[in-house]
Each structure stands twice: as structure tokens, then as C-alpha cells.
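The structure appears right after this line, and notes come after that.
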Amino acid sequence: MKRKLTTVFCADAQNYGRLMARNERDTLERLNRYRSIMESHFASHEGRMVNTWGDAIIAEFTSVVEAVRCAVEIQDAIGAENRSLPDSDQMWFRIGINLGDVMSEGDDIYGDGVNVASRLEAIAEPGGVMVSPSVYEFAHKQLAVGFDFAGTRQVKDGEDPITAYRVRIGGSNAPPPEAETFQQFAATPKVKPEHEGPTAWEKMQVWYERFRGWFDVQDRKVRFSVMMIGFFFAINLFFSGIATPWFIFPSAPFLFHILLRRRKSDGKKANSR
């Protein structure tokens with residue numbers, strides 16, 4: 001076996017088993033049709049079909065940029081054909097692309113470079129393309145399409161997590177509704193479990209609203225005293241700390257005035273009863 005650095009392209013059909021169970025003949029005809037579309041695009045982008053089994057396709061390219069450009073064109077072409085079919089008959093492909101070292105024997109390629117491309121394909125959305133960081137580094141400055149960082153994912157137990165970038169595909173080759181639903185779900189903020197208490201920020205908001213309600217109903221003299229205490233607090237917080245005499249002593253008369261006014265207010269309420 002020889003080793004070489006190459007760009008590996010892996011594609012796999014979504015729900016192929018369900019489609020075959022529903023209609024074997026039409027599904028096989030559609031798979032062959034889509035394979036011929038892929039193969040024609042491979043040839044125009046300096047790539048070649050390496051192997052196929054079941055609904056999976058492996059190809060390799062001499063150029064990273066051409067591999068990504070080819071993948072986008074393939075998804076565009078397949079998407080155009082799918083949208084002329086009923087939803088139940090549509091066949092969408094996931095595509096993963098990796099630049100890596102592989103072993104070659106005859107026309108076949110093996111090794112971790114192929115495995116990484118296969119794992120990228122497994123986490124791609126139907127109708128989408130996922131690439132490795134090595135592909136992103138070479139392709140993102142050369143292509144008009146955008147890339148989104150997809151994070152680091154654990155594809156299978158016992159395997160190392162994989163870092164991926166999603167090719168931003170728009171227009172007629174946008175992902176099908178199922179993929180859009182997945183993206184919306186991933187972007188939806190998770191609801192906090194009921195057993196978790198309020199966060200520190202939520203507690204602070206509640207305290208502020210209570211203070212604001214109390215402050216708004218006070219007379220002008222009490223509000224002035226509160227503002228003076230806040231003024232001394234801010235000065236000493238930035239220059240010496242709130243536990244120093246320069247905060248405590250100037251604030252004490254205003255605090256005493258607030259407590260006194262509150263006591264008088266409580267007394268008036270009691271007499272009114």
C-alpha cells in the first residue's frame with residue numbers, strides 16, 4: 001500500500017432504508033440517477049468516484065477548493081430534482097469532506113482520512129455539507145460560500161470528538177424542511193428545569209423591582225436621603241471600600257432620617273386604623 005494526502009468526499013442518502021421499503025424499484029432508479037449526477041460533477045472538478053456500497057459514495061479530489069465547490073453544486077442539482085417530487089419520494093444526501101492522509105491500493109483508499117470524512121457526513125444535515133478544519137483553512141478564503149463553525153461533536157462512543165464547519169448553502173440548495181427544523185431546534189434556548197432555583201441575575205432583578213416600587217412611593221426628603229447614601233456608596237466603592245468611616249459616618253444621618261420617617265409613617269397608619 002502507498003500513502004498519500006488527498007481530499008476525501010463521502011456522501012450518504014438519508015432514510016434510504018425507508019425509501020427502499022416503500023418502493024424498491026423507484027428508489028434504486030433515483031439513487032442511480034443521483035449517482036450519475038455526482039459522477040458528472042466529479043469529472044468536471046478533477047475528482048473521481050472511488051467506491052460505492054449501498055447508498056454511500058466515496059470520491060477523492062486533488063483540490064480541496066474544487067471538492068467543496070463540487071459538493072455545493074451537487075446539493076444544488078439534487079435539490080432541484082427533489083423539489084419536483086412529492087416529499088415522500090425525495091432523496092436527500094449528507095456530504096462530508098476531509099483533507100487527510102490515506103492508504104491507497106489500486107483504485108481504493110483507506111485509513112483515518114476516509115474515516116474522518118465519513119464521520120463528518122454522519123453529522124451533516126440532509127442536503128448539507130460538513131467539512132473538517134483542514135478543508136476550511138484551504139477553502140474559506142477561495143470560495144464565495146460561507147462557513148459556520150459547527151463545534152466539536154462526539155459521533156460514536158469510543159471515537160475521538162470531531163471538529164467541523166458547516167458550508168452555508170442558500171437558495172435552491174437550502175436544506176429540506178427536516179434539516180431546517182433540526183437547525184431551529186439546535187438554536188432554540190433550552191428551558192431551565194423546574195427544580196433549578198432563580199439565578200443571581202434573576203434575584204437581583206426581583207430585588208431591584210421591589211426597591212423601585214418602594215422608592216417611588218416615598219416623599220422627596222426620603223428619596224433625597226437614599227440618593228445621598230448611594231452617592232457616598234459609589235465614591236467609597238471606587239476609592240476606599242464601603243467598610244471605611246468615610247462611607248459609614250456621612251451616610252449615618254441620612255439612614256437615621258429614613259428610619260425616622262418610616263417610623264412616623266407607620267405610626268400614622270396605625271392611628272388611621
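So the values come out like this:
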quantity: Any hit, segment 55-65, residues being surrounded by fewer than 20 Cβ atoms within 10 Å (Cβ to Cβ), charged (D, E, K, R) and outside any strand (DSSP E or B); calculated: no
quantity: So C70, is it touching a residue at least 40 places away in the same chain (Cβ under 8 Å), in a helix (DSSP H, G or I), under 29 Å from the mean Cα position of the chain (by Cα) and under 27 Å from A164 (Cα atoms); calculated: yes
quantity: Condition met for R25 (of a type in the set (D, E, K, R) and either closer than 21 Å to P126 by Cα or in contact with a strand residue (DSSP E or B) (Cβ under 8 Å, 6 or more places away or on another chain) (or both)); calculated: no
quantity: Tabulated pairs, segment 30-47, first touching a residue at least 24 places away in the same chain (Cβ under 8 Å) and assigned to a helix (DSSP H, G or I), second surrounded by fewer than 19 Cβ atoms within 10 Å (Cβ to Cβ) and of a type in the set (F, W, Y), C-beta under 9 angstrom, 6+ apart or interchain; calculated: L31/Y16
quantity: Residue match in segment 148-156 (condition: within 23 Å of T6 (Cβ to Cβ), without any contact (Cβ under 8 Å) to a residue 40 or more places away in the chain and touching a Pro at 6+ places or on another chain (Cβ under 9 Å)); calculated: yes
quantity: Lone qualifier among E105, E121, E137, E125 - being in contact (Cβ under 8 Å) with a residue 40 or more places away in the chain, within 14 Å of A67 (Cβ to Cβ) and among the acidic types (D, E); calculated: E121
quantity: S84 vs. criteria under 29 Å from the mean Cα position of the chain (by Cα), polar (S, T, N, Q) and modelled with pLDDT under 95; calculated: no
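The values are calculated or read from the model by the stated rules, or taken from the named source; none is laboratory data. Please read these numbers as outputs of a predicted model, since none were measured by experiment. Here Cβ is always computed from backbone atoms with ideal geometry, including for glycine, and neighbour counts include all displayed protein chains.
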